[in-house]
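Scroll down for the structure; my scribbles are underneath it.
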Amino acid sequence: MTATAVAQPSVALEVRRWLSLAMVAVLPLHTVFVRGWIAWKPFLVVLVIVVGIDVADGLRRRRWPWDPWVSGAAAVFLATVGAGWFVSGFHGRFLRLSLALGVGIAVMLVVARTIEEPGMSDRVLRVVFWSAAVLGVTGFVLAIVAVGGVGASAIETVDGLPLVARVFKPAYLTEGFVAVTNWHQDPGYAAAWTNLWASLAVVAAARGRGSRRWWLDGAVVGSLAVATFMTMSRTGWMGFAVAMAITSVVLVVKDRVPAGRIGRVAIAAAGVAVVMVGFLAAVDRVGVGADLATEVAFRLDQNVSLDAGDAGGLGADLGEVDTRRVVWPWYVEAFRTHPILGIGLGTGWALEGVQEPHNLGLELLGETGIVGFVGFALLAGTVVRRGRGTLGAIALAVALVAAFTQTVLFEPTLWFAAGLYIGGRGSMSAHRHDLEDPIDRGSDRLPTPGE
């Protein structure tokens, strides 16, 4: 009887570990879900179970199951955002976005607790790496469909599959522009995920937690580069370059990873990306789906303009505003007229002719005011003070790269990265990459600790 009682917590803990890893594996998957007032995505279903296990464990131990300082700061942030309820005219949208914030915070707390356990940092990296591999493969396959490589009706067929919301997005032009959203419904956020997963795949490769073959590690990163490219998101393109630079510099300078190891992975990634894009160009059918030349020319013509552009009058009216030139001044004015509480969470999203601000600061100031901005600043400061480690630092930096041109507040990229950083206290001490470079020994296998 006593032995059983002792064994139960251990079993529950191992179940929690596997569920947490499963949640991380499907965290980028937002195109497959069951709708029931909210979208029940795979990661959300698993998250609810893990939170339940944590709560039960906390009750059993009579202690708060997550980092108390971060939890307290998160509660303050939610309260400051909740104050906007009294000024919001769109309470349904307000509730859904507030719930999205709560889900993001739950992801952060659960991931932080997971990473704090001995050995779980490595296990999470392995899961992210193989999740990234699948994400890259599906991105390439869907890109073939998008350019018309398997027929004119394939795009509609794929988007019409049961439980699939959207993996392609016709945008901007009346024809020839189809963004591949892959595991997300929005091209920009799809790129945010592929960029984050690519950065963590490089970290996994550097620490020997990837495939342990430099060429295969590079192939995974290269396929994610192509997935980002096919979103045709300028934020995604620039974000990928910045993410790779941040990751490489931090690994070499802070973790002392040999530059040659990173360089070999980068060369393999570039080679795979060139081959993949070349193949897509070869199977691209004119007048069917996406036209690579048209898409790239349109994006290059836009350059860094805040306008959506119309490519010489060929712009398509797709029923939504997609120009920061219009939206950003609107949110600045919203803050000026409602500086304390803002206009209420989700108000700009719900108004006709407006949309999300595509900027983290404008979202906070315009819709939550000074009160919400201060609440977020308190939470951010607490995360920075409580966190540690290059893994989480890299993830946070990459996730925040998109914050200038996207509203990352409701996307798990930011909260997952914060969780990695919070849980990284002391976990980096076991990762000192001063072992002999296995490539230099003529082997693709990383050395084991006993060698």
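The values are calculated or read from the model by the stated rules, or taken from the named source; none is laboratory data. This one's a predicted model, so the numbers in the text were calculated from it and none came from an experiment. Don't worry about glycine lacking a Cβ; one is built from the backbone with ideal geometry, like all the others, and counts go over all protein chains shown. Calculation scope for accessible area: heavy atoms of the full protein, side chains included, ligands and nucleic acids excluded. Shrake-Rupley method; radii C 1.70, N 1.55, O 1.52, S 1.80 Å.
Given the criterion of a type outside the set (D, E) and either on the phi > 0 side of the Ramachandran plot or at pLDDT 90 or above (or both), identify the matching residue among A259, A350.
A259
Of the residues N182, N195, which is crowded, with 18+ Cβ neighbours inside 10 Å, at pLDDT 95 or above and at positive phi?
That would be N182, the only listed residue that is crowded, with 18+ Cβ neighbours inside 10 Å, at pLDDT 95 or above and at positive phi.
Name the single residue that is farthest from T382 (Cα to Cα) among those in the range 68-94 being modelled with pLDDT of 95 or more and open to solvent by less than 20 Å² (accessible area, probe 1.4 Å).
Residue satisfying both the conditions and the ranking: V81.
Within the range 150-157, does at least one residue satisfy the condition of being acidic (D, E), in a loop (DSSP other than H, G, I, E, B) and at pLDDT below 95?
No.
Among the residues of the range 89-127, write down those that are in a loop (DSSP other than H, G, I, E, B) and farther than 21 Å from E14 by Cβ.
Listed by number, the residues that qualify are G89, F90.
Looking at V286, V326, V275, V304, which one is open to solvent by 40 Å² or more (accessible area, probe 1.4 Å) and at pLDDT 95 or above?
When all the criteria are applied, what remains is V275.
Pick from the range 380-407 the residues that are aliphatic (A, V, I, L, M) and either over 24 Å from T228 (Cα atoms) or in contact with a strand residue (DSSP E or B) (Cβ under 7 Å, 6 or more places away or on another chain) (or both): which of them is least open to solvent (accessible area, probe 1.4 Å)?
V383
Suppose the filter is among the hydrophobic types (A, V, I, L, M, F, W, C), open to solvent by 20 Å² or more (accessible area, probe 1.4 Å) and in contact with a Lys or Arg (Cβ under 8 Å, 6 or more places away or on another chain); does W214 pass it?
Against the criterion (among the hydrophobic types (A, V, I, L, M, F, W, C), open to solvent by 20 Å² or more (accessible area, probe 1.4 Å) and in contact with a Lys or Arg (Cβ under 8 Å, 6 or more places away or on another chain)), W214 qualifies.
On the given criteria, is V221 in contact (Cβ under 8 Å) with a residue 24 or more places away in the chain and within 20 Å of L125 (Cα to Cα)?
Criteria met by V221.
Among all residue pairs at least 6 apart or on different chains, which show Cβ distances below 6 Å where the first residue, located in the range 373-385, is part of a helix (DSSP H, G or I) and the second is loosely packed, with under 15 Cβ neighbours inside 10 Å?
T382/W69
Take the residues in the range 342-369 that are more than 17 Å from F77 (Cα to Cα), assigned to a helix (DSSP H, G or I) and not small (G, A, S), then tell me which one is least open to solvent (accessible area, probe 1.4 Å).
That would be T347.
Looking at A75 and the list (1) within 28 Å of L391 (Cα to Cα); (2) in a helix (DSSP H, G or I); (3) touching a helix residue (DSSP H, G or I) at 6+ places or on another chain (Cβ under 7 Å), which single condition is not satisfied?
Every condition holds for A75 apart from (3).
Under 8 Å between Cβ atoms, which residue pairs at least 6 apart in sequence (or on different chains) link something in the range 408-422 that is open to solvent by less than 10 Å² (accessible area, probe 1.4 Å) with a partner that is polar (S, T, N, Q)?
Once the first residue is open to solvent by less than 10 Å² (accessible area, probe 1.4 Å) and sits in the range 408-422, its partners that are polar (S, T, N, Q) give G419/T114.
Among the candidates V137, V103, V127, V107, single out the residue that is modelled with pLDDT of 95 or more, surrounded by fewer than 17 Cβ atoms within 10 Å (Cβ to Cβ) and under 26 Å from V24 (Cα atoms).
From the options V137, V103, V127, V107, the qualifying one is V137.
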